[in-house]
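Participant: Pasting a structure here, questions to come.
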Amino acid sequence: EAGVTQFPSHSVIEKGQTVTLRCDPISGHDNLYWYRRVMGKEIKFLLHFVKESKQDESGMPNNRFLAERTGGTYSTLKVQPAELEDSGVYFCASSPSTGAGSYNEQFFGPGTRLTVL
Amino acid sequence: GDSVTQMEGPVTLSEEAFLTINCTYTATGYPSLFWYVQYPGEGLQLLLKATKADDKGSNKGFEATYRKETTSFHLEKGSVQVSDSAVYFCALTPNAGGTSYGKLTFGQGTILTVHP
């Protein structure tokens, strides 16, 4: 079974440019999460999709970030325009539907390292 | 809000040494607690978990016990190997009625390097 994949693995862009990150979750996983780790600090939650719907987007830093999950499969995270402080590693994770009384493990992708110059 | 604090790193040990990485948390209610590990060039992997007070999670020789009274979940291993070199993250997720809500709150990560 293929794991969570992310593309690209590394992106270097100039301040003010646009970048789109992609995440392909494990097939059949309804839950998809985006996280970010900035400069060796803690990994912070950005948002959570259940299928194509945004369940929780409380961690999105500002309106320069736009996440989509059309059709409930892969997801994209667009940063427009990018700023220096957006540099970091962006992780995607997926998990199957949560049943009552259970925890469903989140499976993480390898991350996309974004560098904004 | 919820938060997780890990001991500052990096941690450097010789092979077969004893490892402790401290983790404390602040959360309402009774969260589930986790340790994730990130090996070089890979994504995060769940190492172990505990979902209620006094539970002990264990995997690959690593252990951590959910201590409600001290709000801690310290990671331990009796004899580390070179292959344990990685970044370790403590994390929590809120629970309600025994169901996890999935959103993870992480600590800042601890880099572990084990020398032969």
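Nothing in this text is a laboratory measurement; each read-out follows from the coordinates by a stated rule. The shown structure was predicted, so the numbers you read here are calculated from the model rather than taken from an experiment. Every residue, glycine among them, receives a Cβ derived from its backbone with ideal geometry; neighbour counts consider all protein chains shown.
Participant: Give me the dipole magnitude in Debye, nearest 20, for the protein assembly as shown about the Cα centre, with unit charges on the beta carbon: positive for Lys and Arg, negative for Asp and Glu.
Facilitator: The calculated dipole for the protein assembly as shown is roughly 360 debye.
Participant: Run the simple label-point estimate for residue A:73 and residue A:50 please: 7 Å along Cα→C-beta, distance reported in nm.
Facilitator: According to this spin-label approximation, the distance is 2.3 nm.
Participant: So, one more: Just how large is the dipole of chain A about the Cα centre, in debye to the nearest 20, putting +1 at every Lys and Arg Cβ and -1 at every Asp and Glu Cβ?
Facilitator: For chain A, the charge dipole is close to 220 debye.
Participant: Sticking with this one: Which shape class applies to segment A:8-117: rounded if a/c is under 1.5, otherwise prolate when a/b exceeds b/c and oblate if not, where a ≥ b ≥ c are the square roots of the Cα gyration tensor eigenvalues?
Facilitator: Prolate is the answer for segment A:8-117, as a/c is 1.5 or above and a/b outweighs b/c.
Participant: Putting +1 on Lys and Arg Cβ atoms and -1 on Asp and Glu Cβ atoms, find which of A:19, B:17, A:89 reaches farthest to the positive end of the dipole of the protein assembly as shown.
Facilitator: Projecting each Cα onto the dipole axis, the largest value belongs to A:19.
Participant: Using 0.36 nm per residue of separation minus the Cα-Cα distance, give me the extension gain between residue A:83 and residue A:62 in nm, one decimal.
Facilitator: Extending this stretch completely gives an extra 6.4 nm.
Participant: Within chain A, what's the longest stretch lacking GluC sites (Glu not before Pro) that sit in DSSP loops with no more than 11 other Cβ atoms inside 10 Å?
Facilitator: A:15-117
Participant: Also, I was wondering about something else. Which of A:59, A:29, A:104 sits closest to the plus end of the dipole of chain A, meaning its Cα is farthest towards the positive end, when Lys and Arg get +1 and Asp and Glu get -1 on the C-beta?
Facilitator: A:59
Participant: If we count GluC sites (Glu not before Pro) as exposed when they sit in a DSSP loop and have at most 12 other beta carbons within 10 Å, what is the longest stretch of chain B that avoids them all?
Facilitator: My reading of the result: B:17-68 is the longest stretch.
Participant: Quote the charge dipole size of chain B about the Cα centre in Debye, to the nearest 20; the model charges only the Cβ of Lys and Arg (+1) and of Asp and Glu (-1).
Facilitator: 360 debye
Participant: Would you check chain A for Lys pairs whose C-alpha atoms are within less than 21 Å, ignoring same-chain pairs closer than 8 in sequence, and give me the count?
Facilitator: So the count works out to 5.
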